[in-house]
Amino acid sequence: MEAVSPEILSAYREHDRELTIRKFRLACAIGFVLVPAFNVIDRVVYPDKQNDFLIIRLCCSGLIALFYWLFRSGVGRKFYRVNGLVLFMLPASAITWMIYDTTGASSPYYAGLNLVLMVLAFVLDWTFWESLCAVALVLVLYLTACVLKGFGGEFGLFLNNTAFLASTGVIIITGSYFHGVLRLREFASTYQLDKSRQALAAQNQVLEDTLKQLKETELQLVQTEKIVSLGRLSAGIIHEINNPLNFASTGLYVLRNQGERLAKEKPEEFSEVIQDIDEGLQRVKNIVGDLRSFTHPDANQQEIVKVAEVITGSLRFLSNEWRDKVQIDQAVPPDLLCRANKNKLTQVFVNLIQNALDALRNKPEGTEPPLIRIVGRRENGKVIIFVRDNGEGVETQNMSKIFDPFFTTRDIGKGMGMGLSICYRIIQEHHGSISVTSERGRYCQFTIELPDAAADSIAA
């Protein structure tokens with residue numbers, strides 16, 4: 001028998017104990033019914049002994065019934081092997097007595113001993129040593145009954161019956177051995193498979209917990225990325241707000257000093273100053289609105305948005321970084337619509353434009369002027385937006401990793417490598433796609449595809 005680990009062997013013994021006890025109880029039920037039922041044969045073969053044999057059979061059946069309940073007790077379960085052997089000997093002993101009480105070696109009841117051995121083979125699934133012991137006891141009982149009764153000229157028949165019993169015993173012992181090996185091997189395979197399944201389930205649980213933690217961490221990183229972006233964009237925002245405020249303040253100063261002395265023929269100039277103030281304040285209102293939208297915690301609500309407005313707002317955030325430094329060529333139709341969360345879509349374009357600006361920051365002098373070109377169009381039911389810069393491009397070996405979380409080519413402390421990964425996830429949430437093409441030293445272009453919402457807008 002193949003060597004198995006102590007853990008598997010211990011588990012197998014416990015499993016085999018429970019299975020064997022159940023089979024002992026099944027054998028009890030079979031013996032309880034069959035032992036007295038065979039009194040029908042007594043009436044035919046030994047009619048003068050049928051009443052005596054009925055008493056023996058009923059006593060044997062009653063003892064078998066007691067063993068049925070014994071196997072449910074603590075003692076019966078603890079010593080189940082010994083109790084099983086005693087149970088086996090009850091019908092074997094009764095049959096042996098009938099052989100002795102009748103014709104000895106010539107009694108056809110030796111077949112009953114074969115029947116008991118068959119129950120041992122097909123119902124009880126005993127081990128090799130238990131089967132060997134049981135077969136030996138049956139042969140000893142039969143030999144004792146025949147010797148005590150005397151052969152009476154039937155020695156040849158005795159040898160014949162003994163040979164059949166011994167042959168049956170050899171078959172049962174051999175079968176018990178190989179069956180035991182197969183049962184242990186099958187249990188070991190099942191046990192290891194169950195352990196593997198449990199380990200896999202535990203690993204899956206760990207992965208689910210890890211994935212949950214990663215999602216929570218990603219949400220925190222998104223907020224961190226926003227904070228970093230806002231810190232980087234604060235100069236541009238302040239510049240954008242200060243200009244219209246100064247413009248409005250100057251206009252108000254003019255109104256204060258000249259309002260009372262304004263001649264009646266100057267209302268047109270007066271109206272122009274008021275209009276300038278109104279436009280300046282409106283610009284402040286738009287900037288504050290964009291900032292509030294960008295930092296708003298509601299990240300799930302979607303609506304039909306104008307792509308051009310989103311891009312314009314994103315450029316306004318970054319105006320201090322590109323104005324008078326980088327040419328922006330925006331060609332996005334005002335009627336280009338998509339269904340999106342405006343906050344998230346703004347974050348995508350802020351990240352893409354910021355990456356383009358970073359790439360153009362190191363553009364060598366004497367080459368073509370730094371340019372970011374943003375183009376949008378409607379094609380085959382989709383909204384397609386291209387964000388292209390003529391910077392240094394992406395190295396070939398980095399193309400497949402560019403959307404991976406925490407991948408960055410920037411120096412330590414200048415980026416977490418989450419921007420493009422977040423863009424990728426946001427576009428996927430909007431049932432779209434984002435891809436990149438690049439030629440080192442010439443350009444880098446991001447292509448975004450989103451479902452066209454023009455049909456929804458018309459229906460509304």
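The values are calculated or read from the model by the stated rules, or taken from the named source; none is laboratory data. Treat the numbers as computed from the prediction; the structure is a model and nothing was measured. FYI the Cβ positions are ideal-geometry reconstructions off the backbone, even for glycines, and counts take in every protein chain you see.
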Restricting to the stretch 305-339, and then to whatever is over 16 Å from Ile374 (Cβ atoms) and within 41 Å of the chain's Cα centre (by Cα), can you tell me which residue is modelled with the lowest pLDDT?
Arg339
Report whether or not Gly175 is in contact (Cβ under 8 Å) with a residue 40 or more places away in the chain, surrounded by fewer than 16 Cβ atoms within 10 Å (Cβ to Cβ) and under 30 Å from His15 (Cα atoms).
yes
For the stretch 364-372, indicate whether the set of residues that are in a strand (DSSP E or B) and assigned by TED's automatic domain parsing to the domain that holds Cys444 is non-empty.
yes
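Please verify whether Leu66 is in the same structural domain as Arg22 (by TED's automatic domain parsing) and modelled with pLDDT under 90, treating the condition exactly as stated.
Details: in the same structural domain as Arg22 (by TED's automatic domain parsing): yes; modelled with pLDDT under 90: no.
Here the answer is no, as Leu66 does not meet what is asked.
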The stretch 81-114: number of residues that are β-branched (Val, Ile, Thr) and surrounded by fewer than 23 Cβ atoms within 10 Å (Cβ to Cβ)
4
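Please pick out the residue among Phe24, Phe38, Phe53 that is at negative phi and either in contact with an Asp or Glu (Cβ under 7 Å, 6 or more places away or on another chain) or hydroxyl-bearing (Ser, Thr, Tyr) (or both). Working first, answer last.
Working: Phe24 fails: either in contact with an Asp or Glu (Cβ under 7 Å, 6 or more places away or on another chain) or hydroxyl-bearing (Ser, Thr, Tyr) (or both); Phe38 fails: either in contact with an Asp or Glu (Cβ under 7 Å, 6 or more places away or on another chain) or hydroxyl-bearing (Ser, Thr, Tyr) (or both).
The match here is Phe53.
Scan Phe32, Phe24 and give me the residue that is under 27 Å from Thr127 (Cα atoms), assigned by TED's automatic domain parsing to the domain that holds Ile99 and more than 50 Å from the chain's Cα centre (by Cα).
Checking each option against the conditions leaves just Phe32.
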